[in-house]
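Read through the structure below, which is laid out as structure tokens, and then see the notes.
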Amino acid sequence: MQQNVTVFLKDGTMTSSIENITIQVNETRKVGLEKCSFLFSHDTGLSDTLTGVILLVISLFILCTCLVLLVKLLHSVMKGKIAVVINKTLNADLPGKLAWMSGYIAMLVGTGMTIVVQSSSVFTSAMTPLVGIGVITIDRMYPLTLGSNIGTTATGLLAALASSGNKLEPALRIALCHLFFNLSGILLFYPIPHMRQIPINLAKKLGNTTAKYRWFPFMYLFLMFFLLPVSTFSLSTAGPTVLFSVLGPLVGIAVVIVIINILQSNKPKWLPKKLQTWDWLPLCMHSLKPIDGAITRLCSAINQLFPMLL
């Protein structure tokens, strides 16, 4: 609001006239708001935090149930002639000198399918049981999964492009970081044939271990996706000196063990006689049998105490 103001002295004489003075007026109005309606919108006595946790658990349960049903449905459908057709189509290579491009075309297929369904989890969950029943080979599943990792970045790019104003640049920066991070992993492990065998062999090794010890995937997920990240983050908060002092020796020991295992499998004569096998170590340091025995005894004890639980 603008107006002209005239200033007078105490004796009544006018001294000056000031124009275009801006006056800010704060006005408060009461607006009727409608309460949000959701599952726990009624007076249940639950806090917002507890309500959010309950809804999160319910949503995760629904998500896992849908994925399990999807896997079982595909497992029952992909049989007979359909399995034969899919096997010949997805596992086939291009003829002649173009055979090396088959993996890259599979990668494009994985990218396109993930962009269509907007979820790499759905795509990989649908493809994994097909590998289990032998419809798709693990060597062909590998580029499909890599393509899925590229396709999943499309969601972030679309969300970033929908940003407006000064938020567009940082949003695109994060989305492109996601894209180039996945691309760098593909360039590292796929174009060189010997490098692409590393994750494939590791997947086969983990699959064989899981088939033998059914508790192994839970321990693997706990160690790789919880304990290791939490430990690394905790050490990083203490500073780079503590982080590298602890992780450096551990990484060095792990590299030495991997090299010895490779030599034991391929060139055992290159190693000293004692290092040609790990039998000289305690059984718990080179086998999962002691852990498996302990878990079996624990489950048996729980089953005796709570027969309806297991």
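Data for the structure
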read-out	value
Approximate spin-label separation residue 300-residue 63, in nm, with each point projected 7 Å along Cα-to-Cβ	3.8 nm
Within the accessible area of segment 183-310 (1.4 Å probe), percent carbon and sulfur	74 percent
For segment 177-232, convex hull volume per residue from C-alpha positions, Å³	102 Å³
Stretchable slack from residue 176 to residue 163, in nm (0.36 nm times residue separation minus alpha-carbon distance)	3.3 nm
Residue-level accessible surface for residue 140, protein heavy atoms, 1.4 Å, Å²	30 Å²
Segment 230-251 versus segment 262-297: alpha-carbon centroid distance in Å	28 Å
Reduced Cα scattering model of segment 137-252, Debye log10 I(q)/I(0), q = 0.10, 0.11, 0.15, 0.16 Å⁻¹	-0.51, -0.62, -1.04, -1.11
Accessible area in the full protein assembly, largest first, 1.4 Å probe, for 284, 299	284, 299
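The values are calculated or read from the model by the stated rules, or taken from the named source; none is laboratory data. Quick caveat: nothing in here was measured; it's all calculated off a predicted structure. Because the Cβ atoms are built from the backbone with ideal geometry, glycine has one as well, and the counts that use them run over all protein chains shown. Ligands, DNA and RNA are stripped out before the accessible areas are found, and what is left, the full protein with its side chains, is counted by its heavy atoms. Shrake-Rupley method; radii C 1.70, N 1.55, O 1.52, S 1.80 Å.
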